[in-house]
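Right, one structure below, let's go through it.
Read the figures in this text as sums done on the coordinates, not as results from a lab. The structure presented is a predicted model; accordingly, all values stated were derived computationally and were not measured. Cβ: placed from backbone, ideal geometry, glycine included. Neighbour counts: every protein chain shown.
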Amino acid sequence: MNSIKRDAISRQIYKAAIQDDWDSVSHIFETENWRLNAEISLYGETPLHIAVGTNSSHRFVEKLVKMIVTSGNGVGMLRTTIKVGRPYNALHLAGKRGNCKDAKLLVDYDPEFPQTVVSDDGGTTPLEMAAWKGHKETVHYLLSVTRDEVGLSGTSPFRGTPGANILTQAIATGLYDVALYLVEKYPDLVGQTNYTGSATALSILATKRNDFPSGCHLTFWQHIIYSRLDDTEVKVADIESGGRGPARTLLRRIFGKAPYVKHIRQIKATHLQTEQLVKQICSTLIMNFEDTTTWKVLGHAIHIAVRHGTHELIEECIRNYPELIRYEVEGLNLFKAAINHRQEKVFNLMYQISAHSLDTMAKVNGENALHLAANLAPYHRLRTVTGVALQMQRELLWFKN
């Protein structure tokens, strides 16, 4: 077959793969002896990679996978990796695209598929890919079929850096139920850094201020609904199935399913999960790790939390480990960092500390609190109020207080 005809057939298969049109190209695989895992794109993708990557060509994937499996070299062909760039296989792409339907199909034919890794990428598994992109359904599925066993990367997907990658990515994308599961089942991960070498689960969580009550700005009516969603009594099922009495049941069934109420319910569920996650991580560190590790992990996280204004995390960390008020980063302790980053709630939290501790903290490295208050606030904090006059007024209040 000459190159011109081969390129024409490749384009035909490519078009069919993205349009879920198996019937138009099935004869090519059946009668023209075309390789099922032939590269048909400039990036070295096979028909399976392209079809799975669309997350819509499910019939094409099903027919192609069946043909591959019955060809005699099924598993090998299913695991074919992209030759250009990162060597992802089909299940990696399913995780990346959130294609849970095709992921299930691939794993049904090859139960070992979830253990495969991108060899030149630190051992990335399909589960890690799905967590990186925040595809909840796919993450839950891959979590159920990925085993805690040492693989080609030299470690388990749930241990060391690979496990920390999954945990931190789950937190970064807001999959807090997954994070809670991982922290409970694999407690060693809370003291482990991810691929960056510095970020831990708690330090990533410290950046997620909008997922804590302090970072959530509700309207009057939203706040009313939020306050009526009791943490223990008004669960999702309770709202949808009703409370006491037929009238109350009817109202809950109507309003509980309204998108507006569901949105607020999800906000509160997120707040409860982040609160629980902080508590779980803190208690796990204190119970299972040496003081040096606990000090480092908690201290690094609270200074990130100061910068972002995540005061709930700071409060929980200090409650569990009071000495953290003395933790310093580049000469700044918690008290000074709160002033430097103009975080009022964190600053007010410090007034709950004893007078002796505050006095000691305020005299580090020659600069006192007034020196820091006299400096101009960071730009991202200045712009929380509009107009130069209001910004100047805010700065003067910081200096006077």
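Some notes on this structure:
- Segment Lys104-Gln266, extension gain: residue separation times 0.36 nm, minus the distance between their alpha carbons: 55.6 nm
- Local electrostatic count at Glu137 - Lys and Arg +1, Asp and Glu -1, tallied over other residues with Cβ under 11 Å: +3
- Computed over neighbours whose Cβ is under 13 Å from that of Lys101, the net charge equals -2, Lys and Arg +1, Asp and Glu -1.
- Cβ-placed point charges (K, R +1; D, E -1), dipole of the range 1-110 about Cα centre in debye, nearest 20: 300 debye
- Nearest-0.05 FRET efficiency for Asn2 and Ile224, computed from C-beta distance (R0 60 Å): 0.25
- Each of the peptides 281-287, 7-13, 264-270 was scored by the mean count of other Cβ atoms within 10 Å over its residues; in descending order, highest first, they stand as 281-287, 264-270, 7-13.
- Multiplying the residue separation of Asn288 and Ile18 by 0.36 nm and subtracting their alpha-carbon distance yields 92.2 nm.
- Above-threshold pairs, the threshold being 32 Å between Cα atoms, out of Lys101/Lys296; Lys5/Lys136; Lys63/Lys185; Lys101/Lys185; Lys5/Lys83: Lys101/Lys296; Lys5/Lys136; Lys63/Lys185
- The residues packed around Glu184, meaning those with a beta-carbon under 13 Å from its beta-carbon, carry a net charge of 0 if Lys and Arg are +1 and Asp and Glu are -1.
- Two-site FRET efficiency, Asp148 against Arg326, from Cβ-Cβ distance with R₀ of 30 Å, rounded to 0.05: 0.20
- For the range 1-110, the calculated P(r) over all alpha carbon pairs, in 5 Å bins from 0 to the bin holding the longest distance, is 2, 13, 25, 27, 21, 9, 2, 0 percent.
- Contour minus Cα-Cα distance for Lys279 and Lys133 (0.36 nm per residue): 50.0 nm
- With a Förster radius of 41 Å applied to the C-beta separation of Glu32 and Thr196, the computed FRET efficiency comes to 0.25.
- Zone residues, the range 69-98, relative to Glu112, backbone N less than 13 Å from point 7 Å out along Cα-to-Cβ: 74-79
- Spacing of the two label points (7 Å from each Cα toward its C-beta) at Arg59 and Arg86, in nm: 3.2 nm
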